[in-house]
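I have placed the structure first, in the form of structure tokens, so that the comments after it can refer back to it.
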Amino acid sequence: MRRISVSDRLLRFAAIGISAVVLQTAAHAQWVEAPAPSREKQAMIDMGLEHETAWDLYMYFKEQAGDVSMPEPNDLPDWSGVWTRDGILFFWDQDQGDTYPTRNLPTAKLRPGPRQRLIEKLDDIERGIEYDRLSAGKPAGMPRWFTEPFLKDFAVTPDTTYLINEMMNEVRRVYTDGRDHISAEDSYPLWQGDTIGFWDGQRLIAHTNSMKAGQYQRPQPEYSEQVETVEVWEKVDDDTIVVDVWTYDPPVLLEPWYT
């Protein structure tokens, strides 16, 4: 089984000097703040902070790439096989912990309203009260697509890369033929959003907008219809694809959320 792995640089934390901060809710439940990021991860967080919007970050990658013309088929990486996410499945950022339900708050910097709604949701989960739109037969959608713990496979072509999740047959289409996003006049929220991208050598860079509101996972925060993502996909060995993701969502997040 091949896996989509979180880069090792995101998992190396200093063994000394990181202490947990404990919060108290009105019900006196203890919630633990996320640990400080590693130096490598902080550099990626800072990259997101240097760009006001997801589109600005996407254009930065595009400018760095230079020639983004559509590649020849023989120049594309081999992503054949069946893949699954490596490690902790139900958390957007795997630094949140390894148990579910969890007492650990996510690494996202949330606005007060979404933060309070998340804590209330986690309190409900501890009492056995959960609701998930998947229970009503609805798709996970994007960006939750990343956290679904099932099998994925990918079809890479010069003009379109298909990212396929077996659950709900959710298919994302990354158009790399030079097109722009759907115009503002014609766009509306979609389960998988509207994704365009380009190839920078063996790396696929993608920008997604026009997504439906939802939640990153059951124990995770919400996201709004203004959410946008920037993704950098790269196959680093025969069994590992690393995906760096920045999420921008002004109504929910105080700053971009990187994992």
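The values are calculated or read from the model by the stated rules, or taken from the named source; none is laboratory data. Being a predicted model, the structure only gives us computed values, none of them experimental. Ideal geometry is used to build each Cβ from the backbone, glycine not excepted, and the neighbour counts take in all protein chains shown. Each accessible area value is taken on the protein alone, full model and side chains, heavy atoms only, with ligands, DNA and RNA left out. Shrake-Rupley method; radii C 1.70, N 1.55, O 1.52, S 1.80 Å.
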Exercise. Mind listing whichever residues of segment 190-203 are open to solvent by 50 Å² or more (accessible area, probe 1.4 Å) and closer than 28 Å to D67 by Cβ?
Key: G201, Q202, R203
Quiz item: Residues in segment 173-189 that are more than 22 Å from the chain's Cα centre (by Cα) and either in contact (Cβ under 8 Å) with a residue 60 or more places away in the chain or open to solvent by 100 Å² or more (accessible area, probe 1.4 Å) (or both): how many?
Solution: 5
Quiz item: T229 fails exactly one of the following numbered conditions: (1) crowded, with 23+ Cβ neighbours inside 10 Å; (2) among the polar types (S, T, N, Q); (3) free of Cβ contacts under 8 Å to residues at least 24 places away in the same chain. What is the number of that condition?
Solution: (3)
Quiz item: under 16 Å from the mean Cα position of the chain (by Cα) and of a type in the set (S, T, Y), is that true of T240?
Solution: no
Exercise. Kindly list the number of the only condition in (1) open to solvent by less than 40 Å² (accessible area, probe 1.4 Å); (2) farther than 21 Å from L204 by Cα; (3) outside any helix (DSSP H, G or I); (4) at pLDDT below 90 that fails for W92.
Key: (2)
Quiz item: Does R2 satisfy the condition of being under 29 Å from D194 (Cβ atoms), open to solvent by 40 Å² or more (accessible area, probe 1.4 Å) and at pLDDT below 80?
Solution: yes
Exercise. Please verify whether segment 210-224 includes one or more residues that are surrounded by 21 or more Cβ atoms within 10 Å (Cβ to Cβ), touching a strand residue (DSSP E or B) at 6+ places or on another chain (Cβ under 7 Å), among the hydroxyl-bearing types (S, T, Y) and at pLDDT below 95.
Key: yes
Self-check item: Cross-chain or 6+ apart pairs with Cβ under 7 Å, segment 70-92 first and free of Cβ contacts under 8 Å to residues at least 60 places away in the same chain, then assigned to a loop (DSSP other than H, G, I, E, B)
Solution: I88/D98
Quiz item: Of all the residues that make up segment 161-171, how many are hydroxyl-bearing (S, T, Y) and either in contact with a helix residue (DSSP H, G or I) (Cβ under 8 Å, 6 or more places away or on another chain) or open to solvent by 10 Å² or more (accessible area, probe 1.4 Å) (or both)?
Solution: 1
Self-check item: segment 145-160, subset surrounded by 15 or more Cβ atoms within 10 Å (Cβ to Cβ) and of a type in the set (A, V, I, L, M), residue farthest from R103 (Cα to Cα)
Solution: V156
Practice problem: Take segment 190-207 and flag every residue that is within 17 Å of the chain's Cα centre (by Cα) and either over 20 Å from Y223 (Cβ atoms) or of a type outside the set (V, I, T) (or both). | Solution: L190, W191, Q192, G193, D194, G197, R203, L204, I205, A206, H207
Exercise. Check D67, D78, D56 and return the single one that is acidic (D, E), in a helix (DSSP H, G or I) and more than 15 Å from the chain's Cα centre (by Cα).
Key: D56
Quiz prompt | Residue satisfying all of: in segment 95-146; part of a helix (DSSP H, G or I), over 12 Å from Q220 (Cβ atoms) and of a type in the set (S, T, N, Q); modelled with the highest pLDDT among these | solution = Q116
Exercise. Among what's in segment 129-144 and is open to solvent by 70 Å² or more (accessible area, probe 1.4 Å) and among the charged types (D, E, K, R), pick the residue that is nearest to E225 (Cα to Cα).
Key: K138
